[in-house]
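Remarks on the structure that follows.
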Amino acid sequence: MSTSRRLSSRGWRILTIAGALALALTACSSGDTGDTPGSSSSSNGAGGDQSSSAPSGDAIKIGILTTCGGPFASFEAESFSGAKYALIKYAGAKADGQQPQDTVSGASISGVSIEVSYGCSDATPDKAVSEARRLVESVGVSVLLGPLSGDEGVAVANYAKSVPGVTFVNGTSGAQSTTLEVDAPNFFRFGGDGAQWMAGLASYAHDKLGWSRVAILGEDYSYPYTLAAGFVKEFCSLGGEIASRSWVPLDQTDWSSPVAQLPRDVDGVLLLTGGTNTIAAEKAYIQLGQNPGKTMLGGSSVMDPTSFTVGKDLVGLTGGSPVPLGGTSPEWTQYVDGIKAEFPDVPADSLFTVLYYDGMQAILQALDQVGADLSDNQAAFREALTSLDPTFPNGSVTLDENRNSIQPAYVVKIVDKDGSLGFEVVKSIKSVDETFGGLFSASDPAPDRNNPACEAGTPPPWDQG
């Protein structure tokens, strides 16, 4: 092992849319964390409809749930704007403002108007379920898009089982167990899980960078565990070694100590954080004399434009993503140009923008296929969702038997583009399923702090031949 690839020991010493006439908008304020199940924080009287399905001709209520507080509050604008842009593009809506919870009006599908209510969580399971329950049981939404974060998704998928007349479409929540284990029959995920998003990154590190020994540093909950699981399975199948796995509470603010305690005898660090935690961890890494562009890999939420405030030391930082950051395909560039025209201050390429757009696109396409008929406990609507093979800006997907997507994955890099930070795609994998090419199954222990184990073996299909 070349000593020059090892992290500098000297550097260590110095170290996250009723209709054509009107819109009913229910919104939690970004700082509100006190709503209780069944309560309504409507700013205009929306809510109180307990119906969980809408006959053809009635307005269809859709809820959008994301994080507006906590460490991932920075992703509120991306997720809401992505969903609203799909309503603009596919349901004829018009944006009534640029703020995250500003309305869009005039949305309809198959002649049926659409109402949207917003729900705000803080990345905790209890708050996500509380907001989901409010939207379903008080506001009366028939379809819920969200949530954003990993543990939230597991909790909301479990809640979905108790309200079988409502359909849930995941936002960006990436914990593997949400679909592979919980498997709620009314919960659909068109964006995949975190392990899928990491496909190809480990072989890039092993084969292109020459790394054989890696330390993992991440937030202590299910989504980073799932990101790590994908990397570990692939990296170790290629003969790589995981030196350590360090997990930090989600509400951690000072990352200098966790960063300083990373082992020194490694080729690099895999960072699995999001939002403000990513910025704090990267800054701590730089303060210790390390260069993240040379000795760090990123999880999918690390590869987000919100971290560009850290500066040019990020140039070279490479990570796994479900979206082709920096991509050049017509589908991708048309999407980017379109959302920039509607919401110029929102990063179009953020995975949170893209996957909430994808989820709303899927909802609208399925509604259109059934003439916006949600009768019979939404049976036809769900069959339409199950049978969709949509082409999204980030690629074409299909759903597996657990209603989780089989989709492309990308390895992306932060680059200097004429003095500004941007992205480029360095590797793409056409089709990744939730079993990661057969390396995961529902009978395996769910990814956690120590699972899966690092074991040599048969690499996933994209690393063979």
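The values are calculated or read from the model by the stated rules, or taken from the named source; none is laboratory data. Computed from a predicted structure; not experimentally measured. Neighbour counts are summed over all protein chains in view; Cβ atoms, including those assigned to glycine, are modelled from backbone coordinates with ideal geometry.
Worth pointing out:
- Residue within region 275-287 that is surrounded by 18 or more Cβ atoms within 10 Å (Cβ to Cβ), assigned by TED's automatic domain parsing to the domain that holds Asp448 and outside any helix (DSSP H, G or I) present: no
- Residue ID - nearest to the chain's Cα centre (by Cα), chosen from residues in region 192-233 that are within 20 Å of Lys413 (Cβ to Cβ) and of a type in the set (S, T, N, Q): Gln196
- Residue pairs meeting the criteria (Cβ under 7 Å; at least 6 apart or on separate chains; first not assigned by TED's automatic domain parsing to the domain that holds Gly371, in region 114-128; second among the small types (Gly, Ala, Ser) and modelled with pLDDT of 95 or more): none
Quick grid of which residues meet (1) within 16 Å of the chain's Cα centre (by Cα); (2) among the charged types (D, E, K, R); (3) at positive phi:
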| position | (1), (2), (3) |
| --- | --- |
| Asp58 | no, yes, no |
| Tyr90 | no, no, no |
| Ile109 | no, no, no |
| Ser121 | yes, no, no |
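Yes or no, residue by residue, for (1) buried (at least 18 other Cβ atoms within 10 Å of the Cβ); (2) of a type in the set (Gly, Ala, Ser); (3) under 12 Å from the mean Cα position of the chain (by Cα):
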| position | (1), (2), (3) |
| --- | --- |
| Gly299 | yes, yes, yes |
| Met303 | yes, no, yes |
| Ser307 | yes, yes, no |
| Leu314 | yes, no, no |
| Leu317 | yes, no, no |
| Pro330 | no, no, no |
| Pro347 | yes, no, no |
| Val354 | yes, no, yes |
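- Within region 418-465, the residues that satisfy the criterion of being crowded, with 19+ Cβ neighbours inside 10 Å and not in a loop (DSSP other than H, G, I, E, B) are Phe423, Ile429, Val432, Trp462.
- Remark: Thr103 falls outside the filter, which requires a residue to be modelled with pLDDT of 95 or more and among the β-branched types (Val, Ile, Thr).
- Scan of region 144-203 for residues that are surrounded by fewer than 21 Cβ atoms within 10 Å (Cβ to Cβ) and part of a strand (DSSP E or B), ordered by number: none
- Scanning region 161-179 for residues that are more than 24 Å from Ala379 (Cβ to Cβ) and among the hydrophobic types (A, V, I, L, M, F, W, C) returns a single hit, Ala175.
- Residue check for Val415: part of a strand (DSSP E or B) and either crowded, with 23+ Cβ neighbours inside 10 Å or touching a Phe, Trp or Tyr at 6+ places or on another chain (Cβ under 6 Å) (or both): no
- Residue match in region 351-372 (condition: farther than 27 Å from Ala95 by Cα and not small (Gly, Ala, Ser)): no
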